[in-house]
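Beneath this line is the structure, given in structure tokens, with notes to follow.
The values are calculated or read from the model by the stated rules, or taken from the named source; none is laboratory data. Note that this is a predicted model, so its numbers are computed, not measured. All Cβ positions, even for glycine, are placed from backbone atoms using ideal geometry, and neighbour counts span all protein chains on display.
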């Protein structure tokens, strides 16, 4: 009987030892989730000072990244800038969904390739991209990689067709850092930035000659029509208007011809002009010396732009018009839609 | 003879508007900037002149171009530029500030105004060229209020910051004023506004305000010249146990040395203040920045959320404060599954041992 009691008591004592909680564990804590042998990396800060961006202008984004296991433990740092139509604070989910394209997203990827070597690449590069990565500061020395934090900076020239913002829309800027154990951290620039409208026009070198035309010729009269003969290219990151104008006067060796923007040409040496982007005289617009709209439906273009190849002019001359060889200017204009 | 006369008359009765010309360069120019974004709202007699309203003209051609700016405005409105005619080298760009002056006798109304950059062509013949334009809306209103703004240090002294004043409209900001003296007085149309104050390109203060017709408003912006950068909280320990939180911070002073400052760490647990601890002191905080760290551990870590914030103070004056950083802490359960399984196994072993003993006793007969 004693043996039975002893055996049972021994087992119960052992059970009691198992059942007592681990005191040291109860007085210490652990971070839920990711805390383990490798500490997670951290985005300490990211900032873009400018709150209004202009395409084809460069800006610097600064971001301090840290990792208690040293910067050498960081695998990648991915900086993204993207068009966010509804603004607000960007989420990590939005960040992850961003892909590089000339209109709506730019990505700079820093990759630690081993030792003290790394690569820094900007995308998009396809589609005639005009986004450019300028000077940048990334870890390059043993000292940098042995440290626990590093102030990264990237100088970026904004592409020509980066979407113009309006209303609540913003260009958001954020960075995500990933370490060797795939732990990540994400943070964003607090304010984002607006993007200004950008418009570009390319007009190949050319002149317009009507040759010989009769005094008093009206729009649509003999030889009054002249095709421009070259293609005009428009690029814009938002809505744009095509406009045209003439210089207020054309100067000859002896005489000066005056533009009549009313189109009546009642006075001596007056002329008037109409223009259309599809060679249709009934749709043609009477030009003035400040610029009239030929088409107000232009929308954001690709980097290649929109080309218009069929511009035509029609001229009208006063009945009294002195013969001369005239010099003047016809101008095509790109303007923001309003 | 008749044929000769006819040939001579042709040039007389015809007007040639063409002359052979030298080869012109392509026109490849572009425009951007903030001018178009402004929804100008001004009152008669008001002048707007700020570098925040500008255009940028780009020359994407290889050759330099001469540019002339031309404005379109209603009568009694003058548009002026920091430069009106200029040369842009190949692949270059020029930024031009744009201002507006409304005459005292201007008639209220809504208008579209524009600035156009034209290439100055000097070729012979009718040359075709390119131009770029920005258009903006202008409203001339009849009513106005007055705003007096000044920027002060936390100690109350006037601070010579650069004040940028913008009107808020439709989610967008339109610049309406600028001062580099730390003070700004303007007549403004009624509406909502936003002020930012900068010192050496660093934002030191900002504030929203609304202004009503005939209202006179005084605003004092308190400028921050000391900042807490790089504030981070990193858990440290071994295995799954947290030993302490490593607090990293970098005080940055942008203006002038400040004496007798302290760094105070404020810790909350589950939203309630846990402690305020002085973790550093600076007999003089010089201009510039320097990183520090501090290892924090409470008397006892508990499961829950810890909020951390750092303030730089001198007495009751708060010079700077960081954003709050959170740390979620989870204490491991005191009884775990291994322990429970051990207990079950132990009980079973005990039961088996008792059963074996009873069986042996019965087989062995009564003990002596």
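For residue A:212, state whether it is farther than 19 Å from residue A:100 by Cβ and modelled with pLDDT of 95 or more. Criteria not met by residue A:212. Among the residues of this structure, residue A:226 does not count as one that is facing another protein chain (nearest Cβ under 10 Å), in a strand (DSSP E or B) and under 14 Å from residue A:328 (Cα atoms). Quick check: anything in the range A:200-217 under 30 Å from residue A:87 (Cβ atoms), in a strand (DSSP E or B) and facing another protein chain (nearest Cβ under 10 Å)? Yes, that holds for at least one residue. Residues of the range B:264-277 that are in contact with a strand residue (DSSP E or B) (Cβ under 7 Å, 6 or more places away or on another chain) and part of a loop (DSSP other than H, G, I, E, B): B:270 alone.
The set of residues in the range B:159-190 that are surrounded by fewer than 19 Cβ atoms within 10 Å (Cβ to Cβ) and over 20 Å from the mean Cα position of the chain (by Cα) comprises B:160, B:181, B:183, B:185, B:187, B:190. Looking across the range A:264-304, the residues that are more than 36 Å from the chain's Cα centre (by Cα) and outside any helix (DSSP H, G or I) come down to A:264, A:265, A:266, A:267, A:268, A:269, A:270, A:271, A:272, A:273. If you check B:285, B:327, B:323 for being within 13 Å of chain A (Cβ to nearest Cβ) and surrounded by 15 or more Cβ atoms within 10 Å (Cβ to Cβ), only one passes: B:327.
Here residue B:107 passes the criteria (1) touching a strand residue (DSSP E or B) at 6+ places or on another chain (Cβ under 6 Å); (2) at pLDDT below 95; (3) over 30 Å from residue B:218 (Cβ atoms) except the one numbered (1). Only residues that are under 19 Å from the mean Cα position of the chain (by Cα), surrounded by fewer than 15 Cβ atoms within 10 Å (Cβ to Cβ) and not in a strand (DSSP E or B) were counted in the range A:129-160, giving 0. When B:238, B:300 are screened for being closer than 19 Å to residue A:67 by Cα and within 9 Å of another protein chain (Cβ to nearest Cβ), only B:238 passes. Taking the range A:264-279 as the range and being surrounded by fewer than 18 Cβ atoms within 10 Å (Cβ to Cβ) and farther than 18 Å from residue A:208 by Cβ as the test, the residues that pass are A:264, A:266, A:267, A:268. Scanning the range A:243-263 for residues that are farther than 21 Å from residue A:214 by Cβ and within 39 Å of the chain's Cα centre (by Cα), we see that the one that is farthest from the other protein chains (Cβ to nearest Cβ) is A:261. Among the conditions (1) more than 17 Å from residue A:66 (Cβ to Cβ); (2) touching a strand residue (DSSP E or B) at 6+ places or on another chain (Cβ under 8 Å); (3) surrounded by 15 or more Cβ atoms within 10 Å (Cβ to Cβ), residue A:167 misses just one, which is (3). Checking each residue in the range B:79-131 for being under 20 Å from residue A:56 (Cα atoms) and more than 14 Å from chain A (Cβ to nearest Cβ) picks out B:86, B:87, B:89, B:90. Confirm whether residue A:106 is under 13 Å from the mean Cα position of the chain (by Cα) and more than 12 Å from chain B (Cβ to nearest Cβ). Yes. Counting the residues of the range A:116-125 that are free of Cβ contacts under 8 Å to residues at least 12 places away in the same chain and assigned to a loop (DSSP other than H, G, I, E, B) gives 1.
Of the candidates A:294, A:330, the single residue that is surrounded by 18 or more Cβ atoms within 10 Å (Cβ to Cβ), touching a strand residue (DSSP E or B) at 6+ places or on another chain (Cβ under 8 Å) and within 12 Å of another protein chain (Cβ to nearest Cβ) is A:330.
Looking at the range B:278-304 only, could you name the residues that are assigned to a strand (DSSP E or B) and under 32 Å from the mean Cα position of the chain (by Cα)? Of everything in the range B:278-304, those that are assigned to a strand (DSSP E or B) and under 32 Å from the mean Cα position of the chain (by Cα) turn out to be B:278, B:279, B:280, B:281, B:282, B:284, B:285, B:288, B:289, B:292, B:293, B:294.
Looking at residue B:166, is it at pLDDT 90 or above, more than 30 Å from residue A:209 (Cα to Cα) and either in contact with a helix residue (DSSP H, G or I) (Cβ under 8 Å, 6 or more places away or on another chain) or away from chain A (no Cβ under 14 Å) (or both)? Answer is no for this residue.
Screening residue B:273 on (1) closer than 18 Å to residue B:318 by Cβ; (2) surrounded by 12 or more Cβ atoms within 10 Å (Cβ to Cβ) shows it passes everything except condition (2).
Okay, residues lined up against (1) without any contact (Cβ under 8 Å) to a residue 40 or more places away in the chain; (2) more than 11 Å from chain B (Cβ to nearest Cβ); (3) crowded, with 21+ Cβ neighbours inside 10 Å:
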| residue | (1), (2), (3) |
| --- | --- |
| A:288 | no, no, no |
| A:308 | no, yes, no |
| A:313 | no, no, yes |
| A:322 | no, no, no |
| A:326 | no, no, yes |
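Scanning the range B:79-111 for residues that are within 29 Å of the chain's Cα centre (by Cα), surrounded by fewer than 17 Cβ atoms within 10 Å (Cβ to Cβ) and more than 16 Å from residue B:27 (Cα to Cα) turns up B:80, B:81, B:82, B:83, B:95, B:99. Against the definition (in a strand (DSSP E or B), within 9 Å of chain A (Cβ to nearest Cβ) and more than 17 Å from residue B:330 (Cβ to Cβ)), how does residue B:259 come out, yes or no? Against the criterion (in a strand (DSSP E or B), within 9 Å of chain A (Cβ to nearest Cβ) and more than 17 Å from residue B:330 (Cβ to Cβ)), residue B:259 does not qualify.
Among the residues of the range B:238-252, is there at least one that is assigned to a strand (DSSP E or B), loosely packed, with under 15 Cβ neighbours inside 10 Å and at pLDDT below 95? Yes.
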